[in-house]
Amino acid sequence: MFICHVALQGCLTLDDVPYGITADTGGHIKYLLELASHSARDPAVERVDLVTRGFCDGKLGARFASGYGERSGKLRLVRLADADPAYLPKERLFEQHEALVDAFLGYLDGLERLPDLIHAHYADAGVLARAAQERRGIPYIFTGHSLGAVKRQANGATDEGLERRIATEEHALARADAVITSSRDEAEAQYAHYRSIKAGRIRVIPPGCELSRFEGGQPSDKVRAAIAQFLRDPAKPIMLAIARPVHKKNLVGLVEAYAADPALQAMANLVIVAGCRDQLDALEPECREVCEALLRAVDAHDLYGRVAYPKTHDPEDIPSYYALARESGGVFVNPALNEPFGLTLLEAAAARLPVVATDSGGPNDIIERCRNGLLVCPKNPEAIAQACRTIIGDRRRWIRFASAGATAVAAYDWKAHCAVYHRLVRSLVAEQRPALRWERMLTCDIDNTLLGDRAALQDFLHWQRERRETIALGIATGRSFHSAQSILASEGVPDPDVVISSVGTRVHWYDRARRCFVEDEAWTARVTRGWDDAAIHATAARLGLRPQGPLEQSAGKASFFLDDMDPALLAQRFGEAGLFVEIVSSHGKYLDVLPQGIGKHAAVLYVGERLGLTQARIVVAGDSGNDRTMLRACPHPIVVGNWSDGLGDDPALSHAYIASATHAGGVLEGVRHFEASGTW
């Protein structure tokens, strides 16, 4: 494979990237370089080109000039020339779109062979990728990194430049063959602002992260000295923030939160590592504004001796900052108004430093997966301060969060990321496969049914590959569509033929011709018809139900924590309020409220009808309470050996095959039973 990445913003080099030298030389470059480097390690990848914009700037030097390329193994960096030789911030790149498109097409035409796929990073690169798709027939993937519509929402205001950026993003999204996001929040909440992209073309592939240098980091004398000069009592726990000095990182908001809480000031010092500055006047306007605002806030609240803001640092100092905060019993704080992913949270986790993070963006996924800190609203100073006090002041909690950091190192791995990424690339460039007419369908739950035993999963996938032309593979899960897609891909499960998600309230079909999933809008319309979300949540609040997070709520599904309540009694109470709903509980923890007659069972039967299959041609498999109605409704149910919520003892499931084997092994045992019986 030959993959071409396009990233026009910032100062991109293959080695010694000057991170922070401009506002646009940040995390997306680190992401790109690590992705390209690890991608190139795959023997199936023969070449990776990185295409960026060339410029020659008096402050930045001539090393970024167009025509000056770099090579490293399979990697090649190409710098395009346009009509302006100067460095341009992202806000001005639109001025050179036409010239950059011409230069990019000229680069492509000069190659011995065209790339198999283009991967565009940020909207301006998407303009080039779309032009290459339309004029040279090359498919492209788009990664937004940071979205204009999210910035508009966070700021509560807009301007001409931001609206232009959003329009450019819509232009890139409209024709993208796939969109890669880092988190479920990005896929489901952030891209919901855009009309040009449907859920089925969005893939959640958490990035890998090079975290080894943070795992073994130790406080250095240099870092100790850098902050000691600011602090009256350097031995106190450290609240550490590391971010570029730009408005969306909300560093001034963090200072205000600290200033408003005397108890927190008595408990901890605040250390802010905000890029490098020599003279404030030499910084880019936005960076200068933020740095000046930080200094004014420290002065206005007389925080001298309690807040450190070192002027400069080297890249190798960053692990030492995390290590020093850990040694002090402190916490890492990311208060960004929106954080598309949250790399610094993983660095802190690898350093075994608990975190307090914004609840807007990727940190939702990281904290859910790693369990290493607390989420807060970035616009609520009291919540930020309270979360910091809670962690620093509770040693047992601090130790639990610090110990959970090991999960981050295992979960965010570049090798695993590239395995999923390359499968997606191959699917986008492969010849189209004809649509099939299946004879049978197997539909499985995910957690603790299909997944949970990797050796058994491989045996099941071998069985499934031999029958994929005749047996449709369906998924029926309580997870959202993107959560289901992401976890299945990470475990090596091929794209299912149909995904029933969110406890049966959404159906997505895999379209082989378009190489993406497509939402079944007729089913969604049936689910949401007459759904009164406000009334459901108001009644739930009166009943004392505690809601799950915003991402778990959707049209046609309201999700809560069970908290030892009686599901049957709750159904009665909803009915007394004039709301006739389905109540689905699982694992003794979770409760979903659905429209009457809707659920996994109804969705499976609907899918069977769409495929022209009778119920006798459908096998379903599950393990817990939210599978119960599906298992009861189908004539060929499998209950895997690790069942819970009383499934194995349910008299209404006397027709089910109760497997001895667990997880995918139980599914395989069950389908072999029904195959041998001749009833399926």
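Every residue, every condition in (1) more than 21 Å from residue 428 (Cβ to Cβ); (2) surrounded by fewer than 17 Cβ atoms within 10 Å (Cβ to Cβ), yes or no:
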| residue | (1), (2) |
| --- | --- |
| 456 | yes, no |
| 467 | yes, yes |
| 470 | yes, yes |
| 477 | yes, no |
| 484 | no, no |
| 494 | no, yes |
| 515 | no, no |
| 527 | yes, no |
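Would you be able to say whether some residue in region 529-545 is in the same structural domain as residue 458 (by TED's automatic domain parsing), in contact with a helix residue (DSSP H, G or I) (Cβ under 9 Å, 6 or more places away or on another chain), part of a loop (DSSP other than H, G, I, E, B) and crowded, with 19+ Cβ neighbours inside 10 Å?
yes
Can you find even one residue in region 597-611 that is at pLDDT below 95, over 29 Å from residue 363 (Cα atoms), surrounded by fewer than 19 Cβ atoms within 10 Å (Cβ to Cβ) and of a type in the set (A, V, I, L, M)?
No, that holds for no residue.
Looking only at region 9-17, decide whether some residue is exposed (fewer than 15 other Cβ atoms within 10 Å of the Cβ) and within 22 Å of residue 318 (Cβ to Cβ).
yes
Confirm whether residue 109 is surrounded by fewer than 22 Cβ atoms within 10 Å (Cβ to Cβ), within 20 Å of residue 161 (Cβ to Cβ) and over 30 Å from the mean Cα position of the chain (by Cα).
For residue 109, the condition - surrounded by fewer than 22 Cβ atoms within 10 Å (Cβ to Cβ), within 20 Å of residue 161 (Cβ to Cβ) and over 30 Å from the mean Cα position of the chain (by Cα) - is not met.
Do you know which residues across region 278-308 are among the charged types (D, E, K, R), surrounded by fewer than 18 Cβ atoms within 10 Å (Cβ to Cβ) and not in a helix (DSSP H, G or I)?
Hits for region 278-308 are 278, 284, 302.
Go over the candidates 541, 522, 558, 535 one by one and state the one that is closer than 19 Å to residue 589 by Cα and more than 24 Å from the chain's Cα centre (by Cα).
Among 541, 522, 558, 535, only 541 is closer than 19 Å to residue 589 by Cα and more than 24 Å from the chain's Cα centre (by Cα).
Kindly indicate whether residue 161 is outside any helix (DSSP H, G or I), touching a residue at least 24 places away in the same chain (Cβ under 8 Å) and out of contact with any Cys (no Cβ under 6 Å at 6 or more places or on another chain).
No.
Is it true that some residue in region 19-30 is outside any loop (DSSP other than H, G, I, E, B), assigned by TED's automatic domain parsing to the domain that holds residue 97 and more than 29 Å from residue 273 (Cβ to Cβ)?
No, region 19-30 contains no residue that is outside any loop (DSSP other than H, G, I, E, B), assigned by TED's automatic domain parsing to the domain that holds residue 97 and more than 29 Å from residue 273 (Cβ to Cβ).
Here is a check on your reading of the model: is residue 326 surrounded by fewer than 24 Cβ atoms within 10 Å (Cβ to Cβ) and outside any loop (DSSP other than H, G, I, E, B)?
no
Let's see how each residue does on (1) of a type in the set (Gly, Ala, Ser); (2) assigned by TED's automatic domain parsing to the domain that holds residue 345:
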site	(1), (2)
189	yes, no
195	no, no
200	yes, no
218	no, yes
223	no, yes
226	yes, yes
229	no, yes
236	no, yes
240	no, yes
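Could you grab me the full set of residues in region 371-393 that are within 19 Å of the chain's Cα centre (by Cα) and hydroxyl-bearing (Ser, Thr, Tyr)?
Answer for region 371-393, where residues must be within 19 Å of the chain's Cα centre (by Cα) and hydroxyl-bearing (Ser, Thr, Tyr): there is none.
Of the numbered conditions (1) surrounded by fewer than 14 Cβ atoms within 10 Å (Cβ to Cβ); (2) at pLDDT below 95; (3) among the hydrophobic types (A, V, I, L, M, F, W, C), residue 266 fails exactly one; give the number of that condition.
Evaluating residue 266 over (1) surrounded by fewer than 14 Cβ atoms within 10 Å (Cβ to Cβ); (2) at pLDDT below 95; (3) among the hydrophobic types (A, V, I, L, M, F, W, C) leaves (2) as the failure.
Would you pick out the residues in region 546-564 that are buried (at least 18 other Cβ atoms within 10 Å of the Cβ) and farther than 22 Å from residue 597 by Cα?
Selection gives 551 alone.
Name the single residue that is surrounded by the most Cβ atoms within 10 Å (Cβ to Cβ) among those in region 407-426 being of a type outside the set (A, V, I, L, M) and at pLDDT 95 or above.
That would be 421.
Within region 635-650, is there a residue that is hydrophobic (A, V, I, L, M, F, W, C), in contact with a Pro (Cβ under 8 Å, 6 or more places away or on another chain), buried (at least 16 other Cβ atoms within 10 Å of the Cβ) and closer than 18 Å to residue 500 by Cα?
no
Of all the residues that make up region 23-53, how many are surrounded by fewer than 22 Cβ atoms within 10 Å (Cβ to Cβ), of a type in the set (S, T, N, Q) and under 27 Å from residue 283 (Cβ atoms)?
1
Which fully enclosed strands (runs of 3 or more DSSP E) of region 556-613 have 2 or more residues being touching a residue at least 40 places away in the same chain (Cβ under 8 Å)?
581-586, 590-595
So that you can scan it fast, the table gives a plain yes or no per residue for (1) without any contact (Cβ under 8 Å) to a residue 40 or more places away in the chain; (2) assigned by TED's automatic domain parsing to the domain that holds residue 391; (3) under 19 Å from residue 354 (Cα atoms):
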position: 248; (1), (2), (3): no, yes, no
position: 254; (1), (2), (3): no, yes, yes
position: 257; (1), (2), (3): no, yes, yes
position: 262; (1), (2), (3): yes, yes, no
position: 267; (1), (2), (3): no, yes, yes
position: 280; (1), (2), (3): yes, yes, no
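Quick grid of which residues meet (1) part of a strand (DSSP E or B); (2) touching a residue at least 40 places away in the same chain (Cβ under 8 Å); (3) within 16 Å of the chain's Cα centre (by Cα); (4) more than 30 Å from residue 320 (Cβ to Cβ):
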| residue | (1), (2), (3), (4) |
| --- | --- |
| 145 | no, yes, yes, no |
| 151 | no, yes, no, yes |
| 165 | no, yes, no, yes |
| 192 | no, no, yes, yes |
| 195 | no, no, no, yes |
| 203 | yes, yes, yes, yes |
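Out of the residues in region 637-676 that are among the small types (Gly, Ala, Ser) and in a loop (DSSP other than H, G, I, E, B), which is nearest to residue 587 (Cα to Cα)?
644
Restricting to region 167-179, what's the tally of residues that are among the small types (Gly, Ala, Ser), assigned to a helix (DSSP H, G or I) and within 21 Å of the chain's Cα centre (by Cα)?
Count: 2.
Of the numbered conditions (1) within 29 Å of residue 189 (Cα to Cα); (2) in contact with a helix residue (DSSP H, G or I) (Cβ under 6 Å, 6 or more places away or on another chain), residue 580 fails exactly one; give the number of that condition.
Residue 580 satisfies all of (1) within 29 Å of residue 189 (Cα to Cα); (2) in contact with a helix residue (DSSP H, G or I) (Cβ under 6 Å, 6 or more places away or on another chain) except (2).
Return the only residue of 130, 113 being in a helix (DSSP H, G or I) and in the same structural domain as residue 96 (by TED's automatic domain parsing).
130
Can you tell me which residue in region 132-150 is surrounded by the fewest Cβ atoms within 10 Å (Cβ to Cβ), limited to those that are touching a Pro at 6+ places or on another chain (Cβ under 8 Å) and of a type outside the set (A, V, I, L, M, F, W, C)?
133
Condition first: touching a Pro at 6+ places or on another chain (Cβ under 9 Å) and modelled with pLDDT of 95 or more. Now tell me which residues in region 466-483 satisfy that.
Hits for region 466-483 are 472, 473, 474, 475.
The values are calculated or read from the model by the stated rules, or taken from the named source; none is laboratory data. The structure presented is a predicted model; accordingly, all values stated were derived computationally and were not measured. Please note: Cβ atoms are built from the backbone with ideal geometry, for glycine as well, and neighbour counts cover all protein chains shown.
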